[in-house]
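*Asks:* The structure follows.
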Amino acid sequence: MPTLRLEGLTKHYVRASQVVRALDAVTLEIEQGEFAAVVGRSGSGKTTMLDCAGLLMRPTAGRVLLDGVDTGRLGERERAELRSRRIGFIFQEFNLLPTLSAMENVLLPLRYSGADHRAGRRRAEVLLEEMGLAERMGHRPAELSGGQQQRVAIARSLIGEPTLVLGDEPMGEVDTETAEMLLSLMRRINRESRVTFLIVTHDLDLAARADRIIHLRDGRLDADQRVERPGTRAGVAALAAVG
Amino acid sequence: MADANSSSGFGGGYMDLSTLDRIQRVQGVLAVSPGVYDTAKPGSASVVSMGVPDFIANFDPNWNRYSPLKLSLAGGRWVGDASRLEVDLGSSIAAEFHVRVGDTIALPVRPSDAQPGFVNHRFTVVGILKPTLTAPDSGAYVSLHDAQMIEGDSLPTALRGQVDPYQLITGAVVYAQPGVNLDSLATRINSAVPTVEATKPSTLVNAFKSGGAVFTVMTTAAALLALVIGGLSVVNTMLMSVSERVREIGLKKAIGARTHHILREFLAEAALIGLIGGVAGYLLGLVLTTLLNGSNPSGGLFLVTPGLTALAIGFAVALGAVAGLLPAIRAARMDPVRALRAQ
């Protein structure tokens with residue numbers, strides 16, 4: 001069973017009395033343990049697809065199945081529960097709460113899922129150590145570099161032991177070196193714990209290090225290619241063929 | 001005699017001392033005391049004051065015999081009928097003029113704009129009353145003779161010498177026999193002795209009540225104003241807080257917070273603002289009442305009880321929560337996608 005299945009996913013907006021087709025009948029499956037990148041120009045529907053997949057937005061038509069569950073049939077309460085138990089989010093601008101320490105930020109999702117706080121704290125410690133932030137647990141976001149903040153955000157996305165992590169330009173706010181480091185970190189987690197990653201990026205070099213590259217154009221699925229050897233010339237070549 | 005009551009009348013005019021005998025004969029009257037009542041600080045009547053203005057009155061031995069409110073001395077002795085130029089002072093007036101037993105005080109107090117014919121006398125303080133928190137605290141009690149002497153001095157110059165001040169009184173205090181209806185007694189006195197006007201106790205009570213009603217309206221209005229201002233401040237603070245933290249709300253919803261979680265968090269925050277404001281206001285009030293009570297020589301005017309404390313702080317918390325309700329609902333209903341991308 002795929003972790004995520006999108007069936008004829010369609011999202012229309014009405015903007016200035018004109019219908020905007022942000023997504024137009026996109027169908028695809030993301031298998032468990034995959035590391036997929038979504039690429040496309042600005043306005044191609046990448047973020048809308050991520051919002052629908054993350055159950056933050058209901059599509060105009062089509063279905064979103066998460067671990068086989070048709071999420072369109074669920075009420076807001078169940079969707080919120082699924083978000084807290086199955087999905088982790090990483091955002092471009094980190095979205096850490098400035099008044100909380102790194103540790104408290106990582107623990108935040110557990111406040112709403114009703115998980116055991118003590119076990120959660122141990123897990124948060126392990127995650128922050130894995131992120132190389134063992135010495136920074138008590139620091140507030142303002143005391144951390146951009147890369148460190150995003151590592152806290154990655155730890156936060158993993159605290160609820162999700163099956164799917166969605167990233168919206170997670171390397172968009174950091175320099176190239178840090179972006180490389182963050183991607184390596186996510187790939188390692190993906191390999192070691194089999195968590196599925198679906199990452200939106202406009203950086204083709206980073207996308208080339210994914211297992212799979214999904215290309216959207218004007219709201220439609222333009223290409224969906226597996227990368228044989230991620231991060232190699234072959235990968236980049238595959239991407240170039242897509243672009 | 002514990003339930004003997006007084007029916008007093010000081011109309012501002014004068015009556016002859018012999019009138020007392022006629023009142024004494026009215027059915028139901030237990031005792032009648034002559035009353036001579038004058039201001040202790042002439043010329044200060046136009047000054048607005050919340051308390052009883054200082055007054056000079058003759059000491060009435062019947063008072064402690066028949067009135068439910070007993071007067072007692074904190075020190076010294078009572079003036080007697082034969083006392084001359086001796087005074088017992090109420091606690092407030094004694095404190096106001098910084099006098100103790102054995103000191104002297106000039107009565108009435110000379111006003112700054114005293115008329116040419118103004119006369120006063122130096123009295124020796126022979127006793128000071130215990131605080132009662134009511135009118136007697138502002139009184140200077142002298143013998144009937146001295147009260148009449150002061151009254152005579154205050155007569156217009158043209159009248160002095162023409163009337164005998166020692167036959168004049170400004171009123172009388174009537175003590176009723178137990179079980180007698182005081183309003184009916186006043187009516188009987190008025191018909192039996194047409195030269196006096198007895199005031200019904202119910203009239204006094206009603207006047208007091210209407211005075212109290214004005215005070216209640218004033219304090220309630222002040223409290224309502226504070227309520228509205230306080231409530232709006234919390235609403236404003238919380239609305240600003242919500243609009244400043246739109247992304248935070250979006251994030252929380254994205255990571256699984258449900259509507260009731262957000263609602264609860266913002267309500268708790270509003271209640272906390274109420275609590276902080278309530279405690280700060282309470283402490284300020286405590287300091288103010290302590291200062292006011294300390295400055296009042298007759299003792300504590302304001303009482304801060306544990307019940308009042310709980311009510312004040314509890315009310316502030318509830319006000320905060322109620323005022324925070326609207327902003328909290330606004331926050332809780334936010335669309336996560338829009339909130340996350342808000343600038």
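Throughout, read-outs are computed from the coordinates displayed, never taken from laboratory work. Everything numeric in this text was worked out from a predicted model, so none of it was measured. Every residue, glycine as well, gets a Cβ built from its backbone with ideal geometry; the counts of neighbours run over all protein chains shown.
*Asks:* Any idea how far apart B:ARG160 and A:GLU192 come out in nm if each label point goes 7 Å out from Cα toward Cβ?
*Replies:* 10.8 nm
*Asks:* Across the residues of B:247-253, average count of Cβ atoms on other protein chains within 10 Å?
*Replies:* 5
*Asks:* Report the one residue of B:MET238, B:THR220, B:LEU283 whose Cα lies farthest in the direction of the positive end of the charge dipole of the range B:209-340 (charges on C-beta: Lys and Arg +1, Asp and Glu -1; origin at the Cα centre).
*Replies:* Going by the Cα projections, it comes out as B:MET238.
*Asks:* Given bins 20 angstrom wide, list per bin the percent of all Cα-Cα distances in the protein assembly as shown, short to long.
*Replies:* Per 20 Å bin, starting at 0, the Cα pair percentages come out as 16, 30, 14, 13, 18, 8, 0.
*Asks:* Please give the charge dipole size of the range B:43-200, origin at the Cα centre, charges +1 on K and R Cβ atoms and -1 on D and E Cβ atoms. Round to the nearest 20 debye.
*Replies:* Computed charge dipole of the range B:43-200: roughly 300 debye.
*Asks:* Rank by packing, highest mean first: peptides B:33-42, A:76-85, A:24-33, with packing defined as the count of other Cβ atoms within 10 Å averaged across residues.
*Replies:* The densest-packed peptide leads the list: B:33-42, A:76-85, A:24-33.
*Asks:* Quick one: dipole size for the range B:209-340, taken about the Cα centre, charges +1 on Lys/Arg Cβ and -1 on Asp/Glu Cβ, in debye to the nearest 20.
*Replies:* Computed charge dipole of the range B:209-340: roughly 420 debye.
*Asks:* Average partner chain C-beta neighbours within 10 Å, per residue of A:84-97?
*Replies:* 3
*Asks:* Mind checking the mean number of beta-carbon atoms from other chains within 10 Å of the Cβ atoms in A:106-113?
*Replies:* 4
*Asks:* For the range B:160-193, list residues with backbone N below 19 Å from a point placed 7 Å from the Cα of B:LYS209 toward its Cβ?
*Replies:* Under 19 Å, as judged by backbone N against the label point of B:LYS209, lie B:181-187 of the range B:160-193.
*Asks:* Within a 10 angstrom radius of the beta carbon, how do A:MET103, B:MET238 rank from fewest other beta carbons to most?
*Replies:* Starting with the residue having the fewest Cβ neighbours, the order is A:MET103, B:MET238.
*Asks:* Work out the length of the dipole vector of the protein assembly as shown about its Cα centre, built from +1 on the beta-carbon of each Lys and Arg and -1 on the beta-carbon of each Asp and Glu, and round it to the nearest 20 debye.
*Replies:* In debye, rounded to 20, the protein assembly as shown gives about 1800.
*Asks:* In terms of Cα to Cα distance under 27 Å, which lysines are near enough to B:LYS200, apart from those fewer than 8 places away along the same chain?
*Replies:* Straight-line reach from B:LYS200, under 27 Å: B:LYS70, B:LYS209.
*Asks:* Check the straight Cα-Cα distances from B:LYS252 and name the lysines below 27 Å, setting aside those fewer than 8 residues away within the same chain.
*Replies:* A:LYS11, A:LYS46
*Asks:* 222 nm [θ] for chain B, helices only, -39500 (n - 2.57) per DSSP H run of 4+, per residue, to 500?
*Replies:* -15500 deg cm²/dmol
*Asks:* While we're on this one: Could you please rank B:TYR14, A:TYR13, placing first whichever residue has the fewest other Cβ atoms within 10 Å of its Cβ?
*Replies:* In increasing order of surrounding Cβ atoms, one gets A:TYR13, B:TYR14.
*Asks:* Using helices alone, I'd like the mean residue ellipticity at 222 nm for chain A: each DSSP H run of four-plus residues gives -39500 (n - 2.57), total over residue count, nearest 500.
*Replies:* Counting only the DSSP helices, I get -11500 deg cm²/dmol.
*Asks:* Which residue, B:ALA257, B:GLY127, B:TYR166, has the largest displacement toward the positive end of the dipole of chain B when charges sit on each Cβ (Lys, Arg +1; Asp, Glu -1)?
*Replies:* B:ALA257
*Asks:* How much net charge surrounds B:SER295 when only other residues with a Cβ under 15 Å from its Cβ are counted (Lys, Arg +1; Asp, Glu -1)?
*Replies:* -2
*Asks:* Under a GNM of chain B (C-alpha, springs under 10 Å), which listed residue has the highest mean-square fluctuation: B:ALA332, B:ALA316, B:ALA135?
*Replies:* Sorting by GNM fluctuation, first place goes to B:ALA332.
*Asks:* May I pose another question? Work out how much length B:ARG338 to B:GLN27 would gain on full extension: take 0.36 nm times their residue separation and subtract the Cα-Cα distance, in nm to one decimal.
*Replies:* Answer, rounded to one decimal: 103.1 nm.
*Asks:* Something else: Any idea which of A:VAL26, A:SER42, A:ALA16 is furthest toward the positive side of the dipole for the range A:1-46, if Lys and Arg beta-carbons carry +1 and Asp and Glu beta-carbons -1?
*Replies:* A:ALA16
*Asks:* Regarding the range B:6-199, what whole-number volume in Å³ per residue does the convex hull of its Cα atoms give?
*Replies:* About 129 Å³ per residue, rounded to a whole number.
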